[in-house]
Amino acid sequence: LVQALARFHEGRAERSGAPLAEITAHAGAEGGVALRALEREGLVIRRGAAVHLATHVPGATPLGDQIVGTFANAGLSPPREEDLLRATGAEPRAFRDAVDELKRAGRLRSIGGIVFEASAVEDLKRRVREHFATKADLRPVELKELCGGVARKYAIPLLEYLDRERVTRREGDERAVL
């Protein structure tokens, strides 16, 4: 199974993982048992109906790295996907496939129709929790400050995301800690 996954990743590095059924078929009737053993050993990771080697970095292609790097540099004020497409010079379909794969892999997150780099969002969650260590509530203007002065078009979807993730709870115009 490990060799089959390595071959899959070699030919399709941008993909987050191989179809589970395709990989387990390589081991015959014992494919599921073998896969679970490899998971316990930390050699493979299963995500839904896909599996990948633990050492595989999904989307690790020049285009994928360029996309993630651009979003990471932008922080919580990301570029529009259309603008980034033009900047990369990539074919539209290849660009969309790369962005979709990066979302599936968890390296990018779509929040309110806006794409953010995942670690920027996780860092925001950490800063919001730190905010609540000294304050009882969070107003939208305070979130904008925590985000480095982002525009309202980014702040409101991020507030709604924090509510959905149960980091905060909306109470009127303010947020409370959960």
When you scan the range 119-139, do you find a residue that is under 20 Å from the mean Cα position of the chain (by Cα), closer than 23 Å to Ser16 by Cβ and among the hydrophobic types (A, V, I, L, M, F, W, C), even just one?
yes
Reported set for the range 126-148 where residues are touching a helix residue (DSSP H, G or I) at 6+ places or on another chain (Cβ under 9 Å), of a type in the set (A, V, I, L, M, F, W, C) and open to solvent by less than 70 Å² (accessible area, probe 1.4 Å) is Val128, Leu138, Leu143, Leu146, Cys147
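Could you count how many residues in the range 149-173 are in a loop (DSSP other than H, G, I, E, B) and either surrounded by 13 or more Cβ atoms within 10 Å (Cβ to Cβ) or of a type outside the set (Gly, Ala, Ser) (or both)?
Adding up the residues that qualify gives 5.
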Flagged pairs (Cβ under 6 angstrom, 6 or more apart or on separate chains; first in the range 62-75, touching a residue at least 60 places away in the same chain (Cβ under 8 Å); second open to solvent by 40 Å² or more (accessible area, probe 1.4 Å) and hydroxyl-bearing (Ser, Thr, Tyr)) are none
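Listed here are the residues, each with its yes/no results for (1) farther than 26 Å from Glu101 by Cα; (2) without any contact (Cβ under 8 Å) to a residue 40 or more places away in the chain.
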residue: Ile114; (1), (2): no, no
residue: Glu117; (1), (2): no, no
residue: Leu124; (1), (2): no, no
residue: Arg127; (1), (2): yes, yes
residue: Glu130; (1), (2): yes, yes
residue: Ala133; (1), (2): yes, yes
residue: Leu138; (1), (2): yes, yes
residue: Gly148; (1), (2): yes, no
residue: Pro157; (1), (2): no, no
Test for Ala4: is it modelled with pLDDT of 75 or more and either in contact with a His (Cβ under 9 Å, 6 or more places away or on another chain) or open to solvent by less than 40 Å² (accessible area, probe 1.4 Å) (or both):
yes
Right, Ile23: surrounded by 14 or more Cβ atoms within 10 Å (Cβ to Cβ) and in a strand (DSSP E or B) or not?
no
Give the residue, chosen from Ala54, Ala94, Ala90, that is over 16 Å from the mean Cα position of the chain (by Cα), of a type outside the set (D, E, K, R) and over 30 Å from Ala151 (Cα atoms).
Ala54
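The values are calculated or read from the model by the stated rules, or taken from the named source; none is laboratory data. These numbers were taken from a predicted model, which means no experiment stands behind them. Every residue, glycine among them, receives a Cβ derived from its backbone with ideal geometry; neighbour counts consider all protein chains shown. Heads up: the accessible areas ignore ligands, DNA and RNA and are worked out on the full protein's heavy atoms, side chains in. Shrake-Rupley method; radii C 1.70, N 1.55, O 1.52, S 1.80 Å.
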